[in-house]
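*Asks:* To start, I am sharing the structure in question, which I have written as structure tokens.
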Amino acid sequence: MSALGCPTQMSGIVRSPHIAIEGRDSTVSLNTGWRNRQTIKRGVTRRVKLTHGNFVAEYPVPTAVQNAIEERYRASTSTEFSHMRYTAATCDPDDFTEANGWSLRTNMYQRETEILIAVTSYNEDKTLYARTLHGVMLNIRDICKTKKSKFWRGHAESGSPGWQKIVVALVVDGLEAMDKSVLDILATVGVYQDGVMKRQVDRKQTAAHIFEYTTQLSVDHKPTLVLPQENDPSNLVPVQIIFVLKAQNQKKINSHRWVFNAIGRILKPEVCILIDAGTKPGHKSLYYLWEAFYNDKHLGGCCGEIHAMLKGGRKLLNPLVAAQNFEYKMSNILDKPLESMFGYVSVLPGAFSAYRYRAVLGRPLEQYFHGDHSLAERLGDKGINGMSIFQKNMFLAEDRILCFELVAKVNDRWTLTYVKPSRAETDVPETAAELIGQRRRWLNGSFAASVYALVNFFRLYRSGHGIFRLFFFHIQGLFVLGLGNRPKGEKFAYTITLWVYAVLSVYLLVCSFWLTSLAFKEIPKAFQEGKSPADIAMSFFTPPIGPLVAAMISTFGIYFFASFLYNDPWHMFTSFIPYLCLAPSFVNVLNVYAFCNLHDLPYRYHGARKGAIKTTLSPP
């Protein structure tokens, strides 16, 4: 069978369809519908025509899906809107190249890709998945219809639709582990069909099932089907979607290898945006990320503001959520803007970040993918099997490795920045056990990655950065130099520990305010003794009042001042008190637990709960 008029070559043996593992308990209601639709009998072997030696086929989309597309797009002579394209990829992502006979629709239509948006997922449910996908489609509409950018406005006026320069890649890490209700969402918009996946081609196991379709339909988180109306300016624009369903669970870093080394190598995009399923990009957030690259030719990577999902403020009643909300906010107000000024943001969160594709090619991606388990045998001692415990911990924060390698790239002067207008909403841990487990990975990984950056600091001298930039890198380096039980099995003990530290923190706060108030009681007495206002003012800088005032201002004042200066102070009133109560636990419990468990590597997606993205986020 040929696809899009491609020449067909040689015949091959195809084994179909994908069959669920026998003996596995399939009582979960979310997966029952999908499994019932699959063929129960033993897979059928048949001979078909292969395209350049690979199985590529087109399948008509349901009539309802095709008819929902606006007439002006359906009138196209191509099969872009009438057929879904399926490819059974039987190779490693590094071998998914045009030279090996593989292809993607966008490239076959000879379109240039400006933005590649990659959404990676593991076992998120349909609500989380729809929230992300619909948010991405709304952002693509905003990009294509913006009037502020000469680039996108020029393409619209020249008759070259902006949507043809944007591609969305949905990469799911393993068929068995995924929530099958997500496939219902994708089938509704036309990207997926039951019964077309091939388990083997010419006795080679399928590594990934690749579905391609350009759709104008979407499903929001409610879930509600969003359909276009004829000549309605608020309609979603067509979105080119590449759905990569990996046959086996090989973790998130392998999903990124499909994005960069397989899809990216064929499409050659200018900008790659990485989003975790469950993260909802805000209004025009993706446009602001792209705009940062467009306006700065030396920008290699950037990220936006990630904030906690609060559900109208209801989740702030949970002190753990409120404390994390405060932590995220202060990181976005104090840390990232300062690092951005230096040109090196220490971590671009994998849940919501963007890279210039040609900037990460070469050593940055090579070092980044050393943590991929599927490359362990090929890389030998350089791979995950040849690493020490310290090196393995580094790859718990592999995005930090990528950031450093990007800035230190030989003979280049790539920088990293923080884009404040770009915002995304995500979920956060709501229990002590989940929080401690998450922070163990963050702290161990970030510590090891920070040491890696310091050890390799000399490589910055071989980059193309100027003396002024290198001076600020040295300041950042100096700042960094100034630097056992499973929580889910001991939930009660860890929760009690957090509460004990919270009580001690409240005691400390009460004592601080009480002692400060006692010191201020001496001021009326000083007036009665005839002291001048200047002498009284000087008393604020001498003991016992001076140290107390300085401590209060340095502890509380800087947070209020910076937040109001940033015009984003509301977290000070909703989350500051819970944060102060939990701050001792952040310093003592989380750090001690993390460093006592350097030997245990909780790689991303390993043991994740259904619908939980909490363990896959990157630190703020």
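*Asks:* Mind checking which aspartates and glutamates have their C-alpha under 13 Å from Lys409, skipping anything on the same chain fewer than 8 residues away?
*Replies:* Filter leaves Glu366.
*Asks:* Sticking with this structure for a sec: Could you name the lysines whose alpha carbon sits less than 30 Å from that of Lys148, not counting residues in the same chain fewer than 8 places away?
*Replies:* Of all the lysines, those that pass the test against Lys148 - Cα under 30 Å, at least 8 places apart if same chain - are Lys165, Lys268, Lys280, Lys284, Lys297, Lys329, Lys336, Lys420.
*Asks:* Applying a 10 Å radius around every beta-carbon, put 394-401, 62-69 in order of their mean neighbour count, most first.
*Replies:* Going by the mean number of other Cβ atoms within 10 Å, highest first, we get 394-401, 62-69.
*Asks:* List the aspartates and glutamates whose alpha-carbon lies under 20 Å from that of Lys150, not counting same-chain residues fewer than 8 positions away?
*Replies:* Once the sequence-local aspartates and glutamates are set aside, what remains near Lys150 is Glu112, Glu114, Asp142, Glu270, Glu291, Asp296.
*Asks:* By how many nm would the segment from Val451 to His52 grow when fully extended, if each residue of separation counts as 0.36 nm and the alpha-carbon distance is taken off? Working shown, then result.
*Replies:* Values: separation 399, 0.36 × 399 = 143.64 nm, distance 4.73 nm.
138.9 nm is the gain from fully extending Val451 to His52.
*Asks:* What does a probe at Ile475 reach in the range 335-357, counting residues whose amide N is under 18 Å from the point 7 Å along Cα→Cβ?
*Replies:* Output list for this probe position: 335-347.
*Asks:* For the residues Tyr418, Tyr566, Tyr122, what sequence is obtained by ranking on other C-beta atoms within 10 Å, fewest first?
*Replies:* Values: Tyr418 21, Tyr566 15, Tyr122 26.
Final ranking by Cβ density, sparse to dense: Tyr566, Tyr418, Tyr122.
Values quoted throughout were computed directly from the atomic coordinates according to the rules given, and no laboratory measurement underlies them. What you see is a predicted model; the values in this text were computed from it and never measured. Every residue, glycine among them, receives a Cβ derived from its backbone with ideal geometry; neighbour counts consider all protein chains shown.
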